[in-house]
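Have a look at the structure below before the remarks.
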Amino acid sequence: MMSNFFKSLVIATLGICLTSWVNAQEIKARLGTSLPEVHPQTMGARKFSEIVDKKSNGRIKITVYSSAQLGSDQQMQSALRGGTQEFTVPSTATLANLVKEFGVIGLPFSFSSERQADAVLDGPFGQGLMARLPERDLVGLAFWENGFRNFTNSKRPIVKADDLTGLKVRTMQNNLYIDLFNGLGANAVPMPVNELFTALETHAVDAQENPFTVVHAQKFYDVQKYLSTTGHAYDALALIASKKFWDGLKPEDRQLLLAAAQEATLYQRQVSRELNSRTRSELVKLGMQINDVSDAERQAMRTKLAPVIAKHQAAVGEETAKAFFAAIAAAPK
């Protein structure tokens with residue numbers, strides 16, 4: 001018969017092993033976004049968290065913090081690099097401050113459709129960009145979508161490039177966007193998106209540019225009267241992880257997260273496109289005056305921006321720019 005001492009030893013050992021196994025398996029992480037709950041950025045983040053929870057049977061828990069609760073895009077990227085936060089979904093325009101090659105995505109008037117953007121970013125070119133992130137202590141999981149950016153302002157409709165002259169335009173904290181708006185005759189004012197509503201309300205800036213979904217989610221219709229569909233740049237988001245966090249995961253958990261990211265990508269892009277399409281009419285009902293900018297005027301803007309485009313092609317590297325435009329040419333329209 002087993003002695004009481006031996007029984008106690010076996011029970012204690014099993015308890016320690018079970019506790020260690022549970023603790024080793026449980027993973028908790030934070031995912032921060034800069035936009036509200038109703039925006040596709042945060043909706044995609046929540047879907048990613050749900051899929052991960054389901055695939056891991058509740059073992060991996062990702063808590064989502066929206067509306068810049070964990071800081072601006074730049075602050076959250078720094079937190080990921082330092083290992084104090086696990087996930088975020090910044091615009092690739094802000095990510096370009098760390099990895100310059102990401103700046104090529106925002107070159108004005110490059111993409112003609114979302115389908116074309118998907119093909120380029122999901123293909124070898126986009127994956128080549130993601131492969132540059134580990135050297136900056138980050139890991140790329142997937143490209144998501146913010147959408148084509150349009151101007152809003154409180155002064156007048158933007159019908160032609162000259163209508164931008166003298167407007168104080170908030171830009172992302174990105175050199176390309178600063179040069180873009182200055183190149184069109186506006187005065188660029190870089191600031192995080194979570195500070196923008198107050199700046200518009202107090203007239204510290206006259207204008208801003210974002211997809212329809214951001215204009216709606218951030219309630220810019222309360223402080224901006226005019227929206228002009230310039231579609232001057234396509235804005236992609238990147239679901240990224242802390243390399244320090246990623247390196248501590250088992251291979252099977254990395255694969256689970258990658259699979260969840262790909263599944264969430266399909267949802268996020270679909271929601272983004274449906275909302276961008278539907279939100280336009282909602283903004284009109286909310287009092288915004290929307291005008292469509294003609295293809296001829298958009299081409300005139302692109303021509304005016306030729307020096308800016310040339311400068312930033314050189315900044316990201318001619319090889320990167322050449323590969324980018326080759327990928328666009330090979331992609332479906």
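For the stretch 170-212, count the residues as N, evaluate 2.2 N^0.38 Å, and divide the Cα radius of gyration by that value, please. Before the final figure, lay out the partial values.
Working: Rg = 9.9 Å, N = 43, 2.2 N^0.38 = 9.2 Å.
Relative to the 2.2 N^0.38 Å estimate, the stretch 170-212 comes out at 1.08.
Among 214-220, 249-255, how do they line up by average Cβ neighbours within 10 Å per residue, starting with the highest?
Top to bottom by mean Cβ count within 10 Å: 214-220, 249-255.
Tell me the relative contact order for the stretch 4-330 as a rounded percent, counting alpha carbon contacts under 8 Å between residues six or more apart.
Working: 583 pairs, mean separation 81.5, N = 327.
After rounding, I find 25 percent.
Kindly list the residues of the stretch 53-93 that lie in the label zone of Glu37, defined by a backbone N under 19 Å from the point 7 Å along the Cα-to-C-beta vector.
The answer is 62-71, whose backbone nitrogens lie closer than 19 Å to the label point.
Out of every Cα-Cα pair in the chain, what percent are more than 35 Å apart?
Working: 13972 of 55278 pairs.
Tail of P(r) above 35 Å: 25 percent of Cα pairs.
Highest mean first, how do 109-118, 136-145 rank when packing is the count of other Cβ atoms within 10 Å averaged over residues?
136-145, 109-118
For an R0 of 30 angstrom, estimate the FRET efficiency from the Cβ-Cβ distance between Ala204 and Ala310 and round to the nearest 0.05. Each step should come with its number before you reach the end.
Numbers: r = 31 Å, r/R0 = 1.05.
Computed FRET efficiency for Ala204 and Ala310 comes out at 0.45.
By the scheme Lys and Arg +1, Asp and Glu -1, what is the net charge of all other residues having a beta-carbon under 10 Å from that of Gln77?
Details: positive: Arg81, Arg136; negative: Asp73, Asp137.
Once all neighbours under 10 Å are counted, the net charge is 0.
Report the full-extension gain for the segment Thr165 to Asp53: residue separation times 0.36 nm, less the Cα-Cα distance, to one decimal in nm.
Details: separation 112, 0.36 × 112 = 40.32 nm, distance 5.00 nm.
Computed gain between Thr165 and Asp53 is 35.3 nm.
Which of Lys243, Lys322, Lys155 moves most in a GNM of the chain, Cα contacts under 10 Å?
Highest fluctuation of the listed residues: Lys322.
For the stretch 91-98, what does the Karplus curve 6.51 cos²θ - 1.76 cosθ + 1.60, with θ = phi - 60°, yield as ³J(HN,Hα) per residue in whole Hz, taken in order and with x for Gly and Pro?
5, 5, 5, 7, 5, 5, 5, 9
Can you pick out the pairs among Lys219/Lys243; Lys100/Lys311; Lys168/Lys219 whose Cα atoms lie more than 24 Å from each other?
Distance filter (> 24 Å) returns Lys219/Lys243.
Can you list the DSSP H helices in the chain whose Cα atoms extend at least 20 Å along the helix axis and whose mean Kyte-Doolittle hydropathy is -1.0 or higher?
4-25, 40-55, 251-285
Could you tell me how far the Cα centroid of the stretch 66-91 sits from the Cα centroid of the stretch 177-237, in Å?
22
Can you give the helix-only mean residue ellipticity at 222 nm for the chain, where every DSSP H stretch with n ≥ 4 adds -39500 (n - 2.57) and the sum goes over all residues, rounded to the nearest 500 deg cm²/dmol? Intermediate results must be reported in sequence, preceding the final value.
Details: 14 runs with 163 residues, N = 333.
Calculated mean residue ellipticity at 222 nm is -15000 deg cm²/dmol.
Arranged from highest to lowest average of other beta-carbon atoms within 10 Å per residue, in what order do the peptides 168-178, 260-270, 122-132 appear?
Details: 168-178: 22.3, 260-270: 19.8, 122-132: 16.1.
By packing density, highest mean first, the sequence is 168-178, 260-270, 122-132.
All of the numbers you see were taken from the coordinates with simple rules; none came from a lab. None of the values given here were measured: they were computed from a predicted structure. Please note: Cβ atoms are built from the backbone with ideal geometry, for glycine as well, and neighbour counts cover all protein chains shown.
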